[in-house]
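Presented below is the structure to which this report refers.
The values are calculated or read from the model by the stated rules, or taken from the named source; none is laboratory data. Given the structure is predicted, the values throughout are model-derived calculations rather than measurements. As a convention, Cβ positions derive from the backbone with ideal geometry for all residues, glycine included, and neighbour counts pool all protein chains shown.
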């Protein structure tokens, strides 16, 4: 861990954001302890030099957040979790995310969190406060198999722990669901896995599931992923090279059939396939007297 000083905390999100309805994006950390073998943040375009060995903490993040929120004229959803996990194990000691949420609650901004961390349950009271405006928590779950997840996401809590955290948040009225992406070709792209994720999501009170049937690969991310595949699943990297070459988009096997299965199961369980974003209240029009 190393502390750095940031110049800006909240970045504007290109509009419209059709996935999560974000207006602003917030990264309190650079780097991630979960070390998922497929993580796109290893790519050169993000300019994170030592993603595998170092986590940078923005020492002045809370000060910046307060200053920037005080001057924001448009109240839109603040997203966090796109470049790292705000609830990695380091957060348990530092509580940067928890303290940031307290400031967001104070300024009455909506929030959306993406995480693999069950530590988010620690902040359920703060999220309940924010939820008077809008709060949503999306758990990334790409496999329901704890043993497989341990290989693919070695530093993250198990899928079982994530489903339990989801259930705890849903019980408190927090909008919660799943980002079911990436679905890794040859490892997770099978009917049994998709069925298990959706079934357990329903049991845990998920309101929505956002799917992505495949993965993306580029430069350093691809090199690292293939290196890990060679260790964990010998021979599988050759299948990727044969089928995808240097493609950026790597579509899951039987993608069309899996999408059809996904839609059928979500319809059966009453789970939405889109996230309902924050809608700002419009003041009621005064009548003429």
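The figures follow:
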| quantity | calculated |
| --- | --- |
| Answer residue from the stretch 199-220, given it is assigned to a helix (DSSP H, G or I) and modelled with pLDDT of 95 or more and is surrounded by the fewest Cβ atoms within 10 Å (Cβ to Cβ) among those | 203 |
| Condition broken by residue 132, with the remaining ones in (1) in a loop (DSSP other than H, G, I, E, B); (2) surrounded by 19 or more Cβ atoms within 10 Å (Cβ to Cβ); (3) free of Cβ contacts under 8 Å to residues at least 60 places away in the same chain satisfied | (2) |
| Out of 170, 196, 165, sole residue that is outside any strand (DSSP E or B), touching a strand residue (DSSP E or B) at 6+ places or on another chain (Cβ under 6 Å) and either crowded, with 17+ Cβ neighbours inside 10 Å or touching a residue at least 24 places away in the same chain (Cβ under 8 Å) (or both) | 170 |
| Residue match in the stretch 229-247 (condition: under 29 Å from residue 23 (Cα atoms), part of a loop (DSSP other than H, G, I, E, B) and at pLDDT 95 or above) | no |
| Which numbered condition residue 112 misses (of (1) more than 13 Å from residue 10 (Cβ to Cβ); (2) surrounded by 19 or more Cβ atoms within 10 Å (Cβ to Cβ); (3) modelled with pLDDT of 95 or more; (4) in contact with a helix residue (DSSP H, G or I) (Cβ under 9 Å, 6 or more places away or on another chain)) | (4) |
| Subset of the stretch 75-84 that is in contact with a helix residue (DSSP H, G or I) (Cβ under 8 Å, 6 or more places away or on another chain) and within 23 Å of residue 36 (Cβ to Cβ) - its residue that is surrounded by the fewest Cβ atoms within 10 Å (Cβ to Cβ) | 83 |
| Options 23, 14; residue that is at pLDDT below 95 and outside any helix (DSSP H, G or I) | 14 |
| Condition check for residue 263: in contact (Cβ under 8 Å) with a residue 12 or more places away in the chain, surrounded by fewer than 16 Cβ atoms within 10 Å (Cβ to Cβ) and either at negative phi or in contact with a strand residue (DSSP E or B) (Cβ under 6 Å, 6 or more places away or on another chain) (or both) | no |
| Residue count, the stretch 34-48 (criterion: farther than 11 Å from residue 225 by Cα and in a helix (DSSP H, G or I)) | 4 |
| Tally of residues being over 17 Å from residue 97 (Cβ atoms) and either touching a helix residue (DSSP H, G or I) at 6+ places or on another chain (Cβ under 9 Å) or assigned to a strand (DSSP E or B) (or both) across the stretch 49-74 | 2 |
